[in-house]
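Step one of this worksheet: look at the structure below.
The values are calculated or read from the model by the stated rules, or taken from the named source; none is laboratory data. Values in this document were obtained by computation on a predicted structure and should not be read as measured data. Note: ideal-geometry Cβ built from the backbone for every residue, glycine included; neighbour counts use all protein chains shown. We work out accessible area using only protein heavy atoms, side chains counted, and drop any ligands, DNA or RNA first. Shrake-Rupley method; radii C 1.70, N 1.55, O 1.52, S 1.80 Å.
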Amino acid sequence: MHQLTLAEIARGLAEKKFSSEELTKTLLARIALLDPQLNSFISLTEDLALQQAKAADARRANGESGALLGAPIAHKDLFCTQGIRTSCGSKMLDNFKAPYDATVVAKLAAAGTVTLGKTNMDEFAMGSANESSYYGPVKNPWNLEHVPGGSSGGSAAAVAARLLPAATGTDTGGSIRQPAALTNLTGLKPTYGRVSRWGMIAYASSLDQGGPMARTAEDCAILLQGMAGFDPNDSTSIDEPVPDYSASLNGSLQGLRIGVPKEYFSAGLDPRIAELIHNSVKELEKLGAVIKEISLPNMQHAIPAYYVIAPAEASSNLSRFDGVRFGHRCENPKDLIDLYKRSRGEGFGPEVQRRIMVGAYALSAGYYDAYYLKAQKIRRLIKNDFMAAFNEVDIILGPTTPNPAWKLGAKNSDPVAAYLEDVYTITANLAGLPGLSMPAGFVDGLPVGVQLLAPYFQEGRLLNVAHQYQLHTDWHTRTPTGF
């Protein structure tokens, strides 16, 4: 049963081939057996899962149906879940139990999903390797000596290792798409505002977006259907009708205009990945797509702009973790200043402290105009590049990452080298666009992803292209050895 996709689980449950309770018990046993190798979970919620599975079976017995009714998933550990530890991968929140459910958690629970647990992640979603977690690094199931990508690395590793069919992730600069690429999954970052951020603990509020991670585009469509929609609790949520994502999967690609930016194929891209991307382009051409070279001239400024804006917002968002109201508090503080200093110094790891310091510097009185304001102007130029490109093409295609997964610890002494791994993904966050990564092949036995970007609220188009590609390729069906 662990090899079934979400779509296959929905059919199996509808045809009474197995119950949600049977499936849940099977997957919980598999997690107990295999996750010690991966470290992909922070918390398991066995009692809740079995309770939800029994409730889902009862709802089906009463005539209810639904693609997610009885489907097992896990949540990245920054979605608040009532009464369950929500840690953000940090010592700061190791003892925090959320008093309410995030909107995404509540919506998926109402649809009948079964929550198996909370997945490991880079601390406060800051990282591209899932090595900054207080609970230890996550291992890539394709090679346990390599990183799974981050910050949604726990969700990615768990789904890739067939511990469960799908999971939620969040994407601030590529944190769904990059780990999806490095673990052979399909991962979708929706348009900013498409999925509610209420109850999703913030890193950078203008960039964060929740989304689905699964093995296929069809499964991402099913999970996104349950996640998307307007939320009055979230001031950045957009009141836009949610289409039937599954209904658009089978549309023809005949005449679809695909833009390939020339800037993507620079010296920083592994030539073997470039070859796999070109192979993907040829496959889509066979399906009727029309390929056109385009230009995104301001892409070169994306990383410096992002690494000013994101830390600036993080320094503001993380100021609430001060040892006073919730989270880690130091022992026997001498006074309030000592409480703040030691609680934050002990509670936050090195990468989080680094980004808070960078952000506080960029927002300081003498440097706001020189750094933060200038980065926001560059952000606008990047958005304008995309708007101009989408006047010529329907979607944009390129690599998700410049390299395959690197070895654990290989970039720990050089944070900038890790930041450069986000070069292809962060532009979508700066512009608020939807983006998807899908499996496109292997380099040295490690997975490679191809990224698709589309205009605002065109997630259905991305899922359609990915689904059609997956009907004619088998990369997404490959399973890591031992799992």
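When the residues of region 64-83 are filtered to those that are on the phi < 0 side of the Ramachandran plot and open to solvent by 30 Å² or more (accessible area, probe 1.4 Å), the one that is farthest from the chain's Cα centre (by Cα) is 64. So in region 84-97, with the set limited to residues that are of a type outside the set (A, V, I, L, M, F, W, C) and under 21 Å from residue 132 (Cβ atoms), which one is most open to solvent (accessible area, probe 1.4 Å)? Only one residue tops the list, namely 95.
Of the strands (runs of 3 or more DSSP E) lying entirely inside region 127-236, those containing at least 3 residues that are closer than 23 Å to residue 27 by Cα and in contact with a Ser or Thr (Cβ under 9 Å, 6 or more places away or on another chain) are 166-171, 209-214. Please verify whether residue 482 is on the phi > 0 side of the Ramachandran plot and either buried (at least 24 other Cβ atoms within 10 Å of the Cβ) or out of contact with any Lys or Arg (no Cβ under 9 Å at 6 or more places or on another chain) (or both), treating the condition exactly as stated. The answer is yes for residue 482.
Taken together, the residues in region 11-36 that are in a helix (DSSP H, G or I), open to solvent by 80 Å² or more (accessible area, probe 1.4 Å) and either in contact with a helix residue (DSSP H, G or I) (Cβ under 6 Å, 6 or more places away or on another chain) or of a type outside the set (Lys, Arg) (or both) amount to 3. When every residue of region 157-175 is checked against the conditions, at least one turns out to be open to solvent by less than 10 Å² (accessible area, probe 1.4 Å), among the polar types (S, T, N, Q) and more than 23 Å from residue 35 (Cβ to Cβ).
Here 311, 304 are screened, and the one residue that is part of a helix (DSSP H, G or I) and at pLDDT below 95 is 304. The set of residues in region 376-426 that are farther than 20 Å from residue 354 by Cα, small (Gly, Ala, Ser) and without any contact (Cβ under 8 Å) to a residue 12 or more places away in the chain contains only 388. Residues in region 378-432 that are open to solvent by 10 Å² or more (accessible area, probe 1.4 Å), under 19 Å from the mean Cα position of the chain (by Cα) and under 18 Å from residue 133 (Cα atoms): 406, 418, 419. Considering the conditions (1) outside any helix (DSSP H, G or I); (2) in contact (Cβ under 8 Å) with a residue 40 or more places away in the chain, residue 276 is excluded by exactly one of them, (1). Just one of the listed residues (151, 132) is touching a helix residue (DSSP H, G or I) at 6+ places or on another chain (Cβ under 9 Å), polar (S, T, N, Q) and open to solvent by 10 Å² or more (accessible area, probe 1.4 Å), and it is 132.
Yes/no matrix, rows are residues, columns are (1) in contact with a strand residue (DSSP E or B) (Cβ under 7 Å, 6 or more places away or on another chain); (2) open to solvent by 10 Å² or more (accessible area, probe 1.4 Å); (3) at pLDDT 95 or above:
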| residue | (1), (2), (3) |
| --- | --- |
| 213 | yes, no, yes |
| 222 | no, yes, yes |
| 235 | no, yes, yes |
| 242 | yes, yes, yes |
| 261 | yes, no, yes |
| 265 | no, yes, no |
| 268 | no, yes, no |
| 287 | no, yes, yes |
